[in-house]
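K.L.:
Before anything else, here's the structure in question.
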Amino acid sequence: EGLLLLIDLIRLLSPTHVIQLSSARSKQMANLTPDYVDDMDGLYTKSKSKVRNRGYELPEFADNLEFADEDKESSVLFTGHKLICVYSEFSPRKSSRNRESHNRIFRELAVLGYLSQLLPPVPKPLSPLHGLTPYQVPFNAVALRITHADVAPTHILYAVNASWVGLCKILDDVRGYTRGPILLAQTPICDCLGFGICRGIDMEKRLYHILTPVPPEELRTVNCLLVGVISIPQCIFKSQRGPEGTIPYVTTDYNFKLPGASGKIGAREFDETQEGKLNRRPRFYQKK
């Protein structure tokens, strides 16, 4: 079905170029030439010959879609595309035994690549995490939800602090509460405008400190923070230049008797051979 859906996308989007990647370990697939796409039925669209004959029926579920009558009879315009085939000689060493380790590394690289947008594009010395200026978000301006685990309301702020958060927009108007924090009873279906790090929580002023590359004009519409299973790479906490002594959020005196402290959630791993352990129940670290 993935191939059929890909044919649908090529038809509907009419790209000028299609790049097809393959390697020795990938399953052999026909070249997605314009002629091949024209002659193949997709998951929801029909081949060029069937469209020309107008002798096909739409799937049963199509009756529930909001199509006008003339849309159901209209043909898709095939504009053609240029196919570029790229064969990779790289032989990955991923196996069933080390797959999880590879996946974790790729996820961390994706997070680091996203956070690199916080730094200026011109060549300058890298700024440490604590050297970046965060946004201040009032408690009563956003709702909170931990999507992958049940967390007691009294521990919600511990879970949000020093976490990777999704900056989302929900339909409900959460503003107007006097104190906060605002907790959601279930995970909403909503738009995610970007991601960030909860740099710290100011309990006196009741503010979240958020680091994110999302531009301010988009942040104005954010009214929900979602915390998922993706964790911040430990190197971000343990390799920062500047702080001396105790590193924020990292401790060697970690209490694994805390509920949920010893169990792994998703791909989170705790490397006990390293000097410090990432505290998943960190103390509040207030920005100076």
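The values are calculated or read from the model by the stated rules, or taken from the named source; none is laboratory data. Predicted model, so just to flag it, every value in this text is computed and none were measured. Cβ sites come from the backbone with ideal geometry, for glycine too, and all protein chains shown count toward neighbours. The accessibility values were calculated without ligands, DNA or RNA, using every heavy atom of the protein model including side chains. Shrake-Rupley method; radii C 1.70, N 1.55, O 1.52, S 1.80 Å.
K.L.:
How many residues are farther than 18 Å from SER127 by Cβ and either touching an Asp or Glu at 6+ places or on another chain (Cβ under 9 Å) or open to solvent by 30 Å² or more (accessible area, probe 1.4 Å) (or both) if we restrict to segment 188-216?
P.N.:
15
K.L.:
Would you pick out the residues in segment 224-233 that are open to solvent by 20 Å² or more (accessible area, probe 1.4 Å) and either touching a strand residue (DSSP E or B) at 6+ places or on another chain (Cβ under 6 Å) or among the charged types (D, E, K, R) (or both)?
P.N.:
LEU226, ILE230
K.L.:
Looking only at segment 93-140, how many residues end up being at pLDDT below 85 and of a type in the set (Gly, Ala, Ser)?
P.N.:
Here the count works out to 5.
K.L.:
Ok, one more. Residue under question is ARG206, and the condition is that it be basic (Lys, Arg) and on the phi > 0 side of the Ramachandran plot; does it hold?
P.N.:
For ARG206, the condition - basic (Lys, Arg) and on the phi > 0 side of the Ramachandran plot - is met.
K.L.:
Here's another thing I want to ask about it. Anything in segment 1-22 that is within 12 Å of CYS85 (Cβ to Cβ) and at pLDDT below 90? List them, or say none.
P.N.:
LEU21, SER22
K.L.:
Name, by its number, the condition in (1) at pLDDT 55 or above; (2) part of a helix (DSSP H, G or I); (3) open to solvent by 40 Å² or more (accessible area, probe 1.4 Å) that does not hold for ASP71.
P.N.:
(1)
K.L.:
Taking the conditions exactly as written (modelled with pLDDT under 70 and open to solvent by less than 40 Å² (accessible area, probe 1.4 Å)), does LEU219 satisfy them or not?
P.N.:
No.
K.L.:
Output the number of residues of segment 212-224 satisfying the condition of being of a type in the set (A, V, I, L, M) and more than 20 Å from GLY180 (Cβ to Cβ).
P.N.:
Adding up the residues that qualify gives 1.
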